[in-house]
1. I need F33, F127 ordered by Cβ neighbour count within 10 Å, fewest first.
2. Work out, in µm²/s and without decimals, the Stokes-Einstein translational diffusion coefficient of the range 93-186 at 10 °C, 1.306 mPa s, Rh from Kirkwood over C-alpha pairs.
3. Give the order of I165, I16 when sorted by the count of other beta carbons within 10 angstrom, beginning with the fewest.
4. Fewest Cβ neighbours within 10 Å first, please rank Y163, Y69, Y76, Y20 accordingly.
Amino acid sequence: MSELQRRLVHAAGTGIPGLYLLDVLSWRELGLFLVVATGVALVLETVRLFVGLDWMVYERLTREYEQEYLAGYALYFLGMTAVALAFAPRVAVPGMLMLTVADPASGLLGEGDFRRIKRLPVLLATFGLCLVLAVPFVPLLPATLGALAATAADGAKPVVGGYVIDDNLTIPLAAAAAIRLGLGYAPELLG
């Protein structure tokens, strides 16, 4: 049951870019909100890792490999904050949605498959969902590049120095960077 709970919490983060899309917060206010939320997450993680904060929520919502390292939720906030501060809304929001919608959907589709690289049908479904999420914001070519980048970030779990590079950080960053690249250079590539 904890895996489904993790996916639901993950998807609930859609409310963060939703605050901007529903005009509840300006883009600047959303960035400030994310900076504060990330600060809180990092303080909680510092206490958890170095002092020993042992809340039940950590036992239910963190994975085994996160016990000794920064948990996925903190990386989730770091990734969302980075794209909110570095990119315009039309670039950042699709990257955020790929993290909050496509990543948990991909996880449910690939549930029980603990390979380092996900199976092709899961990757194709992830790509399709990411593309659908990006097309309302940007033209097809940048949306496709963003979807490819997010799918690649979601599909592989690289390990560096014994630490799993969590896709909560890499999905929004890769997607937004690829979308921005597509917006900036696509006309030159086509012409």
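What follows is calculated from the coordinates using simple rules that are stated; it is not laboratory data. Bear in mind the structure is a predicted one, so any value in this text is a computation, not a measurement. All Cβ positions, glycine included, derive from the backbone under ideal geometry; neighbour counts span all protein chains shown.
1. With the sparsest Cβ surroundings first, the list reads F33, F127.
2. Reported coefficient: 123 µm²/s.
3. Placing the least packed residue first, the sequence is I165, I16.
4. So the ranking, lowest neighbour count to highest, is Y163, Y69, Y20, Y76.
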